[in-house]
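These notes concern the structure reproduced below.
Derivation of every value follows stated rules applied to the coordinates shown; laboratory data play no part. On a predicted model such as this, the values are computed, not experimentally measured, just so you know. So basically every Cβ, Gly included, is an ideal-geometry build from the backbone, and we count neighbours across all protein chains shown.
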Amino acid sequence: MKVGEFHDANRKVVGRTVVHHDVLESTNETAKELLEADVEEGLVVWADRQAAGRGRHGRAWASPLGGLYASAILRPKAADAWVIGLLMGMPVIKALRHFGVLAGLKYPNDAVYQGRKIAGILSEGVYRHDVYHVVVGIGVNTNVDLEKLPADVQPKATTLKREVNLFVANDEFLDYLLNQMDDLYSRYRNTRTEFLLKDYRGQCTTIGKSVLATTATGKVTGRAYDISPTGALIIMEESGRKIEFVEGGLEVLK
Ligand code: BTN
């Protein structure tokens, strides 16, 4: 059920309108349904919990009450769902740091604190009536007790509540996050993507680390070396051979 709608005319695109629901199956799915109507770019769908939250690689995203679940509708200049999803990791990290968690950005867009995931992004490209849209969904473990997450997730996850003594309300976190996302998106619209990818490279804590990547074609170990112009992670094997990694499992070894 819709429980509210907010407007912020100071934002350029992202979060000028935020539609708040108590519970949805998935904010990404609701955002996609809205694409049928002539919905404004930047509209954000926010839910207090999700009954069927989705993560990357077809995984489930546990979405109990207390966490932050929101999706923004974008109509970018190019079919850039992947790159936008990558870049949106930066505002998420900024927001977490602002509220006291010195999280790092694990490739592609996981916010991680001391090796434990605290936020994730699912960015999906969708055509509606020949118009390309991107739905960027962000899930942050804000006011969640670790015990409310599935048992297999708990050892690899953390929450804002667990790491910070101060209580941070979800509307306050979302407000700050949307300001950062709006700034990033406006840079995306006005700057060449390669400049933004340079910024991303500087903030991605995976760069320089030894990694084990698992792809459809096998396993690769090497040093995370660079970000390609399309947003792939370039891994340099010990032999000096460079591999471009995009989708699959990525373990940071040291
Ligand atoms: C991941 O790291 O696997 C991505 C998680 C993305 C979760 C968010 S929560 C809001 C939006 N709605 C969804 O169903 N998924 C995204």
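Summary table below
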read-out: Overall form of the stretch 111-254 per C-alpha gyration tensor (a/c, 1.5; a/b vs b/c); value: oblate
read-out: Estimated inter-spin distance, Tyr225 and Tyr132, nm [label 7 Å along Cα→Cβ]; value: 2.8
read-out: Relative exposure of Phe195, Phe173, judged by other C-beta atoms within 10 Å (fewest first); value: Phe195, Phe173
read-out: Total charge dipole magnitude, the stretch 16-85, about the Cα centre, Cβ charges on Lys, Arg, Asp, Glu only, Debye to nearest 20; value: 360
read-out: Selected from Gln203, Val39, Thr191, residue furthest toward positive end of dipole (the chain; charges at beta carbon); value: Gln203
read-out: Candidates per chymotrypsin sites (Phe, Trp or Tyr not before Pro) in the stretch 44-131, loop by DSSP, up to 15 other Cβ within 10 Å; value: none
read-out: Cross-link pairs beyond the 28 Å C-alpha cut-off, checked among Lys12/Lys156; Lys94/Lys242; Lys198/Lys242; value: Lys12/Lys156; Lys94/Lys242
read-out: Farthest toward positive dipole pole in the chain [+1 Lys/Arg, -1 Asp/Glu at C-beta], among Val3, Leu166, Ile234; value: Ile234
read-out: Selected from Val112, Val164, Val135 as most flexible by GNM, with the chain as the system and alpha-carbon contacts under 10 Å; value: Val164
read-out: Choice from Thr30, Thr206, Thr158 showing the highest fluctuation, given a GNM over the chain with Cα pairs closer than 10 Å; value: Thr30
read-out: Relative contact order (%) - the stretch 79-224, alpha-carbon pairs under 8 angstrom, separation at least six; value: 23
read-out: Links that overshoot a 27 Å alpha carbon limit, given the list Lys106/Lys219; Lys32/Lys161; Lys117/Lys254; value: Lys32/Lys161
read-out: Estimated distance in nm for a label pair at Ala60 and Leu253, the labels positioned 7 Å out from Cα along Cα-to-Cβ; value: 3.3
read-out: Of His129, His21, His98, the one that fluctuates the most in a GNM where the chain has Cα springs shorter than 10 Å; value: His129
read-out: Residues of the stretch 202-232 with amide N under 18 Å of the 7 Å Cα→Cβ point at Glu238; value: 209-214, 219-225
read-out: Segment Val23-Asn10, length gained on full extension (0.36 nm per residue, minus Cα span); value: 1.9 nm
read-out: Radius of gyration and maximum dimension Dmax of the chain, Cα, Å; value: 17.6, 57
read-out: Residue-averaged 222 nm ellipticity for the chain, from DSSP H runs of 4+ at -39500 (n - 2.57), nearest 500; value: -7000 deg cm²/dmol
read-out: Integer Hz, Karplus 6.51/-1.76/1.60 couplings in order for the stretch 182-197, x for Gly and Pro; value: 5, 4, 4, 5, 5, 5, 4, 6, 10, 10, 6, 4, 4, 5, 5, 5
read-out: Kirkwood hydrodynamic radius of the stretch 212-254, from inverse mean 1/r over distinct Cα pairs, in Å; value: 10.3
read-out: 20 Å Cα-Cα reach of Lys2 towards aspartates and glutamates, excluding residues that sit fewer than 8 places from it in its own chain; value: Asp22, Glu25, Glu29, Glu33, Glu36, Asp38, Glu40, Glu41, Asp48, Asp171, Glu172, Asp175
read-out: Spin-label proximity, Ala51 to the stretch 4-25 - amide N less than 16 Å from point 7 Å beyond Cα toward beta carbon; value: 21-25
read-out: Phi to ³J(HN,Hα) by Karplus 6.51 cos²θ - 1.76 cosθ + 1.60 over the stretch 223-234, Hz, x for Gly, Pro; value: 9, 5, 10, 6, 10, 7, x, 9, x, 7, 8, 8
read-out: Counting all C-alpha pairs of the stretch 128-203, share separated by more than 22 Å (%); value: 49
